[in-house]
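Every read-out reported here was derived from the displayed coordinates using simple, explicitly stated rules and does not represent laboratory data. Worth saying up front: this structure is predicted, and the values here are computed from it rather than measured. Virtual Cβ from ideal backbone geometry, glycine too; neighbours counted across all protein chains shown.
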2 protein chains.
Amino acid sequence: MRIGVDAMGGDYAPAAVVAGAIIAQKQLLPEQHIVLFGDEALIKAELAKLNANPFDFEIVHCSEVIEMGENPAKSLTKKPDSSIAVGFKWLATGKIDGFASAGSTGAMLVGAMYAIKSIPGIIRPAIASYIPVGLENKFNLILDVGINPDCRPDVLYQYAMLGSIFSKLIFNNEEPRVALLNIGEEEEKGNLVSKSAFELMKDSTDFKFVGNVEGNDLFSNQKTDVVVCDGFVGNVVLKEAEAFYHLIKARKIEDPYFERFNFENYGGTPILGVNAPVIIGHGISNAKAIMNMILQTQEVIATNLCGKIKEAFN
Amino acid sequence: MRIGVDAMGGDYAPAAVVAGAIIAQKQLLPEQHIVLFGDEALIKAELAKLNANPFDFEIVHCSEVIEMGENPAKSLTKKPDSSIAVGFKWLATGKIDGFASAGSTGAMLVGAMYAIKSIPGIIRPAIASYIPVGLENKFNLILDVGINPDCRPDVLYQYAMLGSIFSKLIFNNEEPRVALLNIGEEEEKGNLVSKSAFELMKDSTDFKFVGNVEGNDLFSNQKTDVVVCDGFVGNVVLKEAEAFYHLIKARKIEDPYFERFNFENYGGTPILGVNAPVIIGHGISNAKAIMNMILQTQEVIATNLCGKIKEAFN
């Protein structure tokens, strides 16, 4: 297994990426290799600083970097030798099995859509996020959290399928419960899209639909394992949860439960519905977040998430 | 001034309503009277229990009660002698200056729309909620939080006007900043509705538009005083904030800042855009929440909020 990592992506790159790759590498099996894309001299300097063995990693030199402010649609063609552009070329040609970056989310999405492409049958891919639930170390999945601010009901239906497959493979839920995020529990509640989506989902045999959940059910696994919503609502929900974590910190409250709201620690989120594993990390990723991003990429590859999604949409 | 209060509304009615009315009454001026709608015998028994002077209140006997589970659209016509139906009749005929209830939100909305009606020019009324911001005792206003899950851009524009007027009169902000809740700061971000709403708002002279805010800006007054969104997103945002408060409580964290997330303490929310003051309280209101609901009704009447809205839409 070859895990591609953008060494130039993220606010603290390449230092944090190289540091994260070193600690991730120690947790991987001997046949699991990390391939670093970026400026070879800079990467080697960071490896040397941390006394790491440069032969533990394959380095693919890339002479360009896509900056955070650049137009995502244009950046990949304007900078064909950037770490993200080259990473996608390697992924598209099967030279790596997955590609992860904490760099430009826009460029990662564009690369995934144009170099890797959607799985046939999938209307729009999605990105998902983890939500800490219960007082045990459990998570719900929420999707979409930002790619598709306008979702048709059939797109939400597909998100229910994608979330269910993810929850089964990555969270080991045998028969994941899937709910629609709404403004009331009753079937007739909601906006036009959520009411139509409920109609589509209610008799589904593609996943176990448990009905509507509301904003106050988000941090609970009493009712559901997967929460489906459009990317507008999902993005607001996620950023509100992040804001809440920062309030907790500002009040100097130390509580292990609320530490799980530190979304930087989760590494990243796969783009669900494309033909190969693509994982997007947080821009502000530190070494621990990068480590988690790499281990998550390994898990997505190992569980054959993309293959299972292809089967379901076949 | 005559403040109408539904004595039968809320999970702990009539006991909590009567208790709340007694403490509210002590804070009102001699010319501000509370009119209680409900079962006269029950109300008098509660007043006697608390050693209150029954002559401090006017009691309007109503033989019926609308229960929480009833169909709101039908309940008012099916129960013409219910406390909510009678309260609206008194409000519509000017026998009271405002009407508040912690009972059926649906029945209150139906009553407001049919007995009181929208102010001419207003496409759809809204309900707003307070969001605690900063570490001082300040609040932002968010609307809509649940009446209109599908909002056209011109409806959002009107909500910006309504929120601005409210913020000016009730929060004493001289020139309230109004922002659109969105998934990015940039003008081109968002869903179809938010992008069109931005276009409408950006050159407005009806209010001070400061652009987009995101989910992580909700609990901050750095950027805005009023947050505008559709009722679907607003409802989810509000219930998510309530969920946080309950998590804080479940973790046994005592912190005065987070106590402000106890939305039960805010009394209620006025329906913005109808011809007379109508205030909806929380179903689970205790005596303190009822007191706040009554004092809020007094404030909405005293500041002539409805009149100012009428002027703005004239």
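Results, tabulated for the structure shown:
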| item | result |
| --- | --- |
| Cα-based Kirkwood hydrodynamic radius, segment A:92-206, one decimal, Å | 16.0 |
| Hydrodynamic radius by Kirkwood, which averages 1/r over all alpha carbon pairs of segment B:23-72, in angstrom | 12.4 |
| Two-site label geometry, A:LYS288 and A:LYS49: point separation in nm, points 7 Å out along Cα→Cβ | 2.0 |
| All lysines inside 29 Å of A:LYS44 as judged from Cα atoms, apart from same-chain residues fewer than 8 positions distant | A:LYS26, A:LYS78, A:LYS79, A:LYS89, A:LYS95, A:LYS288 |
| Segment A:124-265, dipole about Cα centre (Lys/Arg Cβ +1, Asp/Glu Cβ -1), debye to the nearest 20 | 300 |
| For the protein assembly as shown, alpha-carbon Rg and Dmax in angstrom | 27.3, 90 |
| Within segment B:10-33: backbone nitrogen closer than 15 Å to the B:ASP56 label point (7 Å, Cα to C-beta) | B:16-33 |
| Antiparallel %, DSSP beta bridges [both residues in chain A], to 5 | 30 |
| Binned Cα-Cα distance frequencies in segment B:123-265 - 10 Å width, integer % | 12, 44, 32, 10, 1 |
| Per-selection Rg to Rh, chain B - Cα, Kirkwood hydrodynamic radius | 0.97 |
| Two-site label geometry, A:LYS26 and B:ASN172: point separation in nm, points 7 Å out along Cα→Cβ | 5.8 |
| Added length on full extension, which subtracts the Cα-Cα distance from 0.36 nm per residue, A:LYS74 to A:LEU42 | 9.0 nm |
| Pairwise Cα inverse-distance average, inverted: Kirkwood Rh of segment B:1-117 (Å) | 14.0 |
| Options B:ASN212, B:HIS246, B:ILE284, ranked by Cα towards positive dipole end of chain B, top entry (Cβ charges) | B:ILE284 |
| Sparsely packed trypsin sites (Lys or Arg not before Pro) within segment A:207-314, loop by DSSP, other Cβ within 10 Å at most 10 | A:LYS252 |
| The protein assembly as shown - mean residue ellipticity at 222 nm from DSSP helices (-39,500 (n - 2.57) per run, n ≥ 4, rounded to 500) | -12000 deg cm²/dmol |
| Coil-residue GluC sites (Glu not before Pro) of segment A:33-83, DSSP, other Cβ within 10 Å capped at 13 | A:GLU67 |
